[in-house]
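The values are calculated or read from the model by the stated rules, or taken from the named source; none is laboratory data. Please read these numbers as outputs of a predicted model, since none were measured by experiment. Reconstructed Cβ throughout: ideal geometry from the backbone, glycine too, with neighbour counts over all protein chains shown. All accessible areas refer to the heavy atoms of the entire protein, side chains included, with ligands and DNA or RNA removed. Shrake-Rupley method; radii C 1.70, N 1.55, O 1.52, S 1.80 Å.
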Amino acid sequence: MTDFSRTRALFQLPDGVIYLDGNSLGALPVAVKARVADMIGAEWGKELIRGWNSAGWMTMPRRIGDRVGKLIGAPPGTVVMGDTLSIKLYQALAAALVLNPGRRVILTDNGNFPSDLYMAQGLIRTLGDGLELRVLDPDAVADAIDCSVAVLMLTEVDYRTGRLHDMAALTREAHTQGALTVWDLAHSAGALPVDVTSANVDFAVGCTYKYLNGGPGAPAFIHVAPRHADVALPALSGWMGHAAPFAFDLDYRAGAGIERMRVGTPPIIALAALDAALDVWDGVSLQDVRAASIALSELFISEVERRCPSLVLASPRSPAARGSQVSFRHAEGYAIMRAMIDRGVIGDFRAPDTLRFGFTPLYLGEEDVRRAVEIMDDVVGNRRWDRPEYRRKELVT
Ligand SMILES: Cc1ncc(COP(=O)(O)O)c(C=O)c1O
């Protein structure tokens, strides 16, 4: 059994804050501070450029990739870190299209994260070639997979509502129709048990600043199924993905396996932070995390519906159909969220009217959830949100 009081003690959270936004930016694992300070002082400060060899910087993207791989069911040597998720999505999608020539459709849904759609649109502009991005309602995707589809590109957990796709079933259907799959696991990795191997996915990508607590702008990951790893061709063919980066050849030769998905110089300080953040997963079972997350989110929904009936549930009611977040709608959602944040309950807002709350059992308990809803009740019931400063839109919502 996972000891969540032990994991809670591994995080630093400000007094008086109930943090319900770990689905957007995870909290700070205490050990990150010392690890980053050590990396800067002892490695960068003393080793200087020798650190690429002596401190193992060059192999960090693979070593940490293996650590992330364990959390998503990927075998060693099939995950590499670097860049941002948008970049890794582009790498995966472009490589998948090359592996499925002759087909012209990228199939996705309108619950996908907009950046994934934008990256696909940019790739289509670059490639031309009659490619089409087909965007459907999430429920319509399964029936729309046919022999025109080159790539099924989906995010497993919808960033707005938390709706969870059946990754294994959709991948099976895609393969039956001869399509490849690219799965975005941004809201899945560290949130629920994920097994890219048993689901037989072709490519998976994700970020590490949400449930993996790697910090703002933490590097992304990409997984390529072993059957594709030595044939998939990266569109962003940077020197770090070259077979011999320090041979400085004038022509690109793809590196072996997952190495080829690297692009440029890896962000070592950020990787050091992520490395320390991943230590909190030692001794943690994702099945326990899932059970605790469901208990917290069920409690949250029943308390909100009992105390704040003007908020309308935007997430699937069945916990089996959700990731680890719950969303509610309210016409004044933005101002309500700002007023809650002012009172220490931090969630976030997605246009036009959605309040999002993430559940992260590693550092969140039942008492936090009950107290958060008490504060929400005060904010909504007493119209504490109804002030001009809470309506003023900030740059990041
Ligand atoms: C599902 C999903 N995909 C893609 C992205 C974009 O990631 P990045 O900004 O790291 O490129 C996000 C960002 O939150 C996301 O939630």
Subject >> Relative contact order (percent, whole number), the range 140-220, Cα cutoff 8 Å, 6+ residue spacing >> reply: 27
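Assigning unit charges at the beta carbon (Lys, Arg +1; Asp, Glu -1) and nothing else, what dipole magnitude in debye, to the nearest 20, does the chain show about its Cα centre? Please report the intermediate quantities before stating the final value.
On the way: 41 positive and 47 negative charges, 100 e Å.
Charge dipole, the chain, about its Cα centre: 480 debye, nearest 20.
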**OP:** Counting only heavy atoms of the protein chains, get the accessible area per residue of the chain (1.4 Å probe) and round it to a whole Å² value.
**Re:** 41
Original post:
Taking +1 at the Cβ of each Lys and Arg and -1 at the Cβ of each Asp and Glu, which of Y90, A270, L25 sits farthest along the dipole of the chain towards its positive end, judged by Cα position relative to the Cα centre?
Top reply: A270
Original post:
Got a sec to turn the phi values of the range 248-261 into Karplus ³J(HN,Hα) couplings, 6.51 cos²θ - 1.76 cosθ + 1.60 with θ = phi - 60°, whole Hz, x for Gly and Pro?
Top reply: 6, 4, 7, 10, 6, 10, 5, x, 6, x, 5, 3, 5, 7
Original post:
Stretch D15-D129 to full length: gain in nm at 0.36 nm per residue minus the Cα-Cα span?
Top reply: 35.5 nm
**OP:** State the Cα centre-to-centre distance between the range 183-233 and the range 52-131 in whole Å.
**Re:** 8
**OP:** Could you please state how large a percent of the accessible area of the range 78-225 is carbon and sulfur, counting protein chains only and using a 1.4 Å probe?
**Re:** 53
Original post:
Let a ≥ b ≥ c be the square roots of the eigenvalues of the Cα gyration tensor of the range 4-98; is it rounded (a/c under 1.5), or, if not, prolate (a/b larger than b/c) or oblate?
Top reply: oblate
Original post:
If you take the square roots of the eigenvalues of the alpha-carbon gyration tensor of the chain and sort them as a ≥ b ≥ c, do you get rounded (a/c under 1.5), prolate (a/b over b/c) or oblate?
Top reply: oblate
Subject >> Peptides 311-322, 215-226, 159-170 ordered by average Cβ neighbours within 10 Å, highest first >> reply: 215-226, 159-170, 311-322
Original post:
How big is the antiparallel share of DSSP beta bridges in the chain, given as a percent to the nearest 5?
Top reply: 55
**OP:** First compute the accessible area of the range 286-335 with a 1.4 Å probe, then give the percent of it belonging to carbon and sulfur atoms.
**Re:** 57
